[in-house]
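Before any comments, here is the structure.
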Amino acid sequence: MSQPDFSVIIDNLTVLDRRSRPTPLFSRYTFFGRRKTVRRLDDICLHCYVDRYDLCSVLLVLVSLILCVADAFMTIHLIDNGAIELNPIMNQLLRHNPFLFLLVKYSLTVLGMVWLLMHKNFYPLNGTYSVQRFMVVVPILYATLILYEMTLFLSVN
């Protein structure tokens, strides 16, 4: 099957349409691009990557990563005081090496948050909510978990 011809003939000149291919996920514009938002109203409910991210989205990622590290240290401290880890994979990592536990936990959170950040303008669930709305939930869940861990910590001491 051949590629469709996206060329336009203008006064006997053939001009290739620059939009014949979608923008790749990683390109030279990833770090030096100018697109921060969706530019056309027609593109709002489509999936759209941007070249640069707004401050709010970056702060959501950073706060989530800071809370992830705080959660990991709280977990290690609670485990040292007799608590148990309910996640069997993380429990094995904690038994084997607490630093490895911290590294795996942080790496998985980084991968997830970067994926959410890259897809922040996507609208899953039939275009109802953007992925950026899900990004707001992550630090809220981490903060709730840390508050719970603090109550456990206070009840132990």
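Every number in this text was worked out from the coordinates using simple rules, so none of it is lab data. Nothing here was measured: the structure is a model prediction, and the numbers come from that model. Reconstructed Cβ throughout: ideal geometry from the backbone, glycine too, with neighbour counts over all protein chains shown.
Near Tyr142: Cβ cut-off under 13 Å, other residues only, Lys/Arg at +1 and Asp/Glu at -1. The net charge is -1.
Over all other residues within a Cβ to Cβ distance under 10 Å of Asp71, the charged ones net out to 0, with Lys and Arg as +1 and Asp and Glu as -1. Full extension of the chain between Tyr129 and Ile66 yields a length gain of 20.1 nm, computed as 0.36 nm times the residue separation minus the alpha carbon distance. In whole angstrom, segment 61-105 maps to an equivalent ellipsoid with semi-axes of 18, 12, 9, each derived as √(5λ) from the alpha carbon gyration tensor and ordered largest first.
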